[in-house]
Amino acid sequence: MEENKETVVAVIQNNETEGENYVSVGVGYKEEVQHFKITDDDAYAEAGKLGSKIKGKTSEVTEFFKPLKAAAHQAHKKICDREKEVLKPFVEAEKTIKRAMNSYLDEKEKKRRSEEAYIKKMAQQSLEESINKATELEANGKIKEAEKAMEEAIIAENFQKSGASLPVQSAPTVKGVSTTKDYEIVSVDSYKVPIVFNGVEIRPVDMSAVKKLIKNSKGTIEIEGIEYREVNKVSLRK
């Protein structure tokens, strides 16, 4: 890599004087044509000859810079390849740590949903028990006790509707880390996926279009043949 850089510098330095000569020639032609007037056929012919000379010198300049550009391009390519090689373990390390962070957040959400499902199940069980108890008491003529049991049933029902959901826990605040919600396609049944959905043609199944539809709906849409789940997406900054 260093050898290529030195080669480019050496080629430029060795041809610097010649490059300056071309600049002088170019400026001379520019000044000459500004004052060139064509008033007859001879002048027209002279203009043609001068134009050909300018064109010829233009080609010379292009050829002069061609090896310099080729050497610079080769050096740039080698530098880019080396940069990619040096960056590779950093890129892989970042992917690994982000994957671990995402997995942790996903597990937290999985645990929250499991606890929420358990609470709802217990609330439903309490509701059913209170209703059965109220029905049995009423059948035995115990009206007051039955009314009390029904009140308990109403409390259980209200809790089930409004209080049985656990709040979504946000990711821990860490400097240099931000999280967003993303969606992962779990499975696709191409035969069930509609040709057009919400005005967007998605068949043959366009995964990019499908993910965009899901993201725009914030995970609320249902597309026949498409199963997806919400996932966390960790972003890092220095």
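The values are calculated or read from the model by the stated rules, or taken from the named source; none is laboratory data. What you are looking at is a predicted structure, and each value in this text was computed from that prediction instead of being measured. For neighbour counting, all protein chains shown are included, and Cβ atoms are generated from backbone atoms with ideal geometry for every residue, glycine included. All accessible areas refer to the heavy atoms of the entire protein, side chains included, with ligands and DNA or RNA removed. Shrake-Rupley method; radii C 1.70, N 1.55, O 1.52, S 1.80 Å.
Below 8 Å, C-alpha to C-alpha, sequence gap of six or more: please give me the relative contact order for the chain in percent.
The value is 17 percent.
Out of (1) 1.45; (2) 2.18; (3) 0.96, which label holds the value of Cα Rg over 2.2 N^0.38 Å that was computed here?
Label (2) holds the value from this structure.
Have a look at Y118, L137, M150 and report the one farthest towards the positive end of the charge dipole of region 105-151, computed about the Cα centre with Cβ charges (Lys/Arg +1, Asp/Glu -1).
In region 105-151, that residue is Y118.
Quote the relative contact order of region 66-160 in percent (integer), defining contacts as alpha-carbon pairs under 8 Å separated by 6+ residues. Could the numbers behind the result be given before it?
On the way: 39 pairs, mean separation 21.4, N = 95.
Normalised by residue count, the contact order of region 66-160 is 23 percent.
How tilted is helix 207-216 with respect to the longest principal axis of the chain? Cα atoms for both, answer in degrees (0 to 90, nearest 10).
60 degrees
Give the cross-link partners of K55 among the lysines, using a straight C-alpha distance below 21 Å as the criterion and excluding same-chain residues fewer than 8 apart.
Qualifying lysines at Cα under 21 Å: K30, K37, K66, K69.
Just tell me which lysines come within less than 22 Å, Cα to Cα, of K88; anything on the same chain fewer than 8 places away is out.
Reachable lysines: K77, K78, K98, K233, K238.
5 Å is the cut-off here: which amide hydrogens, built 1.01 Å from N in the peptide plane, fall below it relative to Y183, excluding neighbours closer than 5 in sequence?
V231
Which angle between 0 and 90 degrees, to the nearest 10, do you get for helix 16-34 versus the longest principal axis of the chain when only C-alpha atoms count?
Roughly 80 degrees between the two axes.
Give me the percent of the accessible area of the chain that comes from carbon and sulfur atoms, probe 1.4 Å, all protein chains in place.
C and S atoms contribute 54 percent here.
Checking the table K110/K148; K95/K181; K121/K218; K111/K181; K110/K211 against a 25 Å threshold on Cα-Cα, which pairs fail?
K110/K148; K121/K218
Give the angle, between 0 and 90 degrees and rounded to the nearest 10, that separates the Cα long axis of helix 143-158 from the longest principal axis of the Cα atoms of the chain.
Tilt of helix 143-158: around 10 degrees.
Give the cross-link partners of K215 among the aspartates and glutamates, using a straight C-alpha distance below 12 Å as the criterion and excluding same-chain residues fewer than 8 apart.
The qualifying aspartates and glutamates are D182, E184, E230.
Could you report region 82-127's accessible area per residue, 1.4 Å probe, as an integer in Å²?
Working: 3680 Å² over 46 residues.
Here the residues of region 82-127 average 80 Å² of exposed surface.
Which value at 222 nm does the chain reach when only helices count, each DSSP H run of 4 or more adding -39,500 (n - 2.57), with the total divided by all residues and rounded to the nearest 500 deg cm²/dmol?
Value at 222 nm, helices only: -24000 deg cm²/dmol.
Using a Gaussian network model on the chain with a 10 Å cutoff between Cα atoms, which of A93, A149, A43 fluctuates the most?
Comparing A93, A149, A43 in the GNM, the peak value goes to A43.
Please report how far the C-alpha centroid of region 171-196 lies from that of region 61-110, rounded to the nearest whole angstrom.
Here the answer is 26 Å between Cα centres.
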